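Just so it is clear, none of the values below were taken in a lab; they were calculated from the coordinates. From a predicted model like this one, the values you see are computed outputs, not experimental measurements. FYI the Cβ positions are ideal-geometry reconstructions off the backbone, even for glycines, and counts take in every protein chain you see.
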Amino acid sequence: MYLNKRLMAILLLLFSTPLVFAKNEVRVIYDKPINEYDTTIEKELRDSGVAEDVAGFINEKYQLSTPLIFKFGSHDGPLYDPAENEILIPYDFVHEVRSRFKKDNYSETGVSIIDATMDAIMHTLFHEFAHALIYNYQLPVIGKEEDAADGLASILLIEFFENGAEIAISAADLFELEDQSIDVLREEDFWGEHSLDIQRFYSTLCYVYGSDALKYAMLKKDAGLSEEKAEICIEDYERLLKIWLNLLTPYLKKKNGH
C-alpha cells in the first residue's frame, strides 16, 4: 500500500522542519486572581508589560536549553524552580513590594509607587533568571549564588535597558526599606543564603555607581562611599561585567548566521 503524494509531502515536512512550539523561549503566565488584591496586581503587571519586556529581551539575546516559564500568581516565591524550569512570583509578593514603597511615601523621590514596584519586579525576574542560567548551564559561581544573581540582574538592567540603572536603584531602595523593618537580627540571618538586605542595598548602589561614576556621582554621597570604596566600586563593576560576559557569550544567539 502506497501513501499518496499529498500525505507523503506532509510527512516529509514534519520530519524535516522543527516545530514552532518546540522553541526554547520564555513564556509569561498569569494565574487567575483569587481576590480583589490579586486582580489589581495582575492588571498592573499586565499593563506595565514588565514581564513581557524581560521575556522579550531573553528570547532575543539568549539560547535557552529548555523552555522557561514566568508564572505570576503562584503560592511560593519569588523563586526559581529547577524541576519545572519556572520562575514563580506570587501576587502577594508584588502586593507586599507595592505596600512597602507606599508606606515609605516613595513617590516623594519622583518615582511613582507603581513604577518603583515594577522596577523591583524586573530586578527580581532577572535575579531568578540568573539562577536558571546557573542551573541549566552549570555555570561556575564563586561565593554566594544569591550574590551572583544580584550582580547579573544589575548588569543586565544597567547595560541593556534604558534607565536600567534607575530601575536597579529602585530595587536597591527596596532592600533598604526591608532592612529598616527588621528590629533585631537573628543568628540565622547571618548564615542564610542571602546577604543581609542592607548589604544587598549597598552592593546594588555600588554596581550602579561603578557603571558610570560621573553620571551617578550623587550615589557616592547618598551611600556614604569613601574615596577608596568608590574606586573599588568601579573596579568591581568592570570585573563583574567582564566575568558575566565571558560566561554568557557561548549562550548568546548568533545574528545573521555568524
>> So, R0 is 30 Å and r is the distance between the beta-carbons of GLU84 and ASN163; what FRET efficiency does that work out to, to 0.05?
In response: 0.40
> What number in nm² do you get for region 61-122 if you take the convex hull of its Cα atoms and divide its surface by four?
Replying inline: 5.3
> If the limit is 19 Å between Cα atoms, which of LYS103/LYS215; LYS43/LYS71; LYS61/LYS242; LYS61/LYS254; LYS32/LYS103 go over it?
Replying inline: LYS103/LYS215; LYS32/LYS103
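Which shape class, rounded, prolate or oblate, goes with region 49-97 when its Cα gyration tensor gives a ≥ b ≥ c as root eigenvalues, a/c under 1.5 marks rounded, and past that a/b bigger than b/c marks prolate? Each step should come with its number before you reach the end.
Details: a/c = 3.30, a/b = 1.44, b/c = 2.30.
Judged from the Cα gyration tensor, region 49-97 comes out oblate (a/c at least 1.5, b/c at or above a/b).
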> So how far, in whole Å, is the C-alpha centre of region 227-253 from the one of region 98-120?
Replying inline: 29
> Tell me, what is the FRET efficiency for TYR135 and GLU235 to the nearest 0.05, using R0 = 35 angstrom and their Cβ-Cβ distance as r?
Replying inline: 0.75
> Across bins of 5 angstrom width beginning at 0, how are the C-alpha pair distances of region 86-146 distributed, in whole percent?
Replying inline: 4, 16, 21, 18, 14, 11, 10, 5, 1
